[in-house]
Amino acid sequence: QVQLVESGGGFVQAGGSLRLSCAASGRTFSTYTMGWFRQAPGKAREFVAAIRWSGSSTYYTDSVKGRFTISRDNAKNTMYLQMNSLKPEDTAVYYCAATDRDYSSGFFYRASTTYNDWGQGTQVTVSP
């Protein structure tokens, strides 16, 4: 129903910054809630951040609080993840996800099963 394409990944040294983008197309009205997940080699997929349609409510996993900022531009049907002060442990494939549902509890935003549509991922590699 919704096609999601991530971009902006790449190689960066520790302490550097990257901005990931997730462009939505198709039934973009099904992107009321959007989020970022990541999966490092040998690790399970991990929640990173989520944002509601208005952008007024955001959620972050503890390990990225204060370093990452999630935002969205609904006119452009695009979600962003600004990543600052990157650490080697941030190295992973980053995926964007979306759902047409709204939730009042942060628990649901952190669950991968909340999301119906997923992008293919973009690689982020942080060197020491």
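Looking only at segment 51-88, which residues are over 16 Å from Ala98 (Cβ atoms) and part of a loop (DSSP other than H, G, I, E, B)?
Applying the first criterion (over 16 Å from Ala98 (Cβ atoms)) to segment 51-88 yields 56, 60-69, 75, 82-88.
Listed by number, the residues that qualify are Ser56, Thr61, Lys65, Gly66, Arg67, Asn84, Ser85, Leu86, Lys87.
For segment 52-69, the criterion of being hydroxyl-bearing (Ser, Thr, Tyr), more than 11 Å from the chain's Cα centre (by Cα), under 15 Å from Val124 (Cα atoms) and exposed (fewer than 14 other Cβ atoms within 10 Å of the Cβ) is satisfied by no residue at all. Are any of the residues in segment 106-116 among the basic types (Lys, Arg), closer than 19 Å to Gln1 by Cβ and in contact (Cβ under 8 Å) with a residue 24 or more places away in the chain? No, there is no match, as no residue in segment 106-116 is among the basic types (Lys, Arg), closer than 19 Å to Gln1 by Cβ and in contact (Cβ under 8 Å) with a residue 24 or more places away in the chain.
Of the residues Val48, Val12, only one is open to solvent by 20 Å² or more (accessible area, probe 1.4 Å), at negative phi and in a strand (DSSP E or B); which? I'd like the intermediate steps shown before the answer.
On the way: Val48 fails: open to solvent by 20 Å² or more (accessible area, probe 1.4 Å).
Step by step, each of Val48, Val12 is checked, and only Val12 is open to solvent by 20 Å² or more (accessible area, probe 1.4 Å), at negative phi and in a strand (DSSP E or B).
Only a single criterion out of (1) farther than 30 Å from Pro128 by Cα; (2) open to solvent by 40 Å² or more (accessible area, probe 1.4 Å) is not satisfied by Tyr115, namely (2).
Of the listed requirements (1) in contact with a Cys (Cβ under 6 Å, 6 or more places away or on another chain); (2) open to solvent by 30 Å² or more (accessible area, probe 1.4 Å), Arg19 misses just one: (1).
The values are calculated or read from the model by the stated rules, or taken from the named source; none is laboratory data. Everything numeric in this text was worked out from a predicted model, so none of it was measured. Ideal geometry is used to build each Cβ from the backbone, glycine not excepted, and the neighbour counts take in all protein chains shown. Accessible surface is based on the protein model in full, side chains and every heavy atom, while ligands, DNA and RNA are left aside. Shrake-Rupley method; radii C 1.70, N 1.55, O 1.52, S 1.80 Å.
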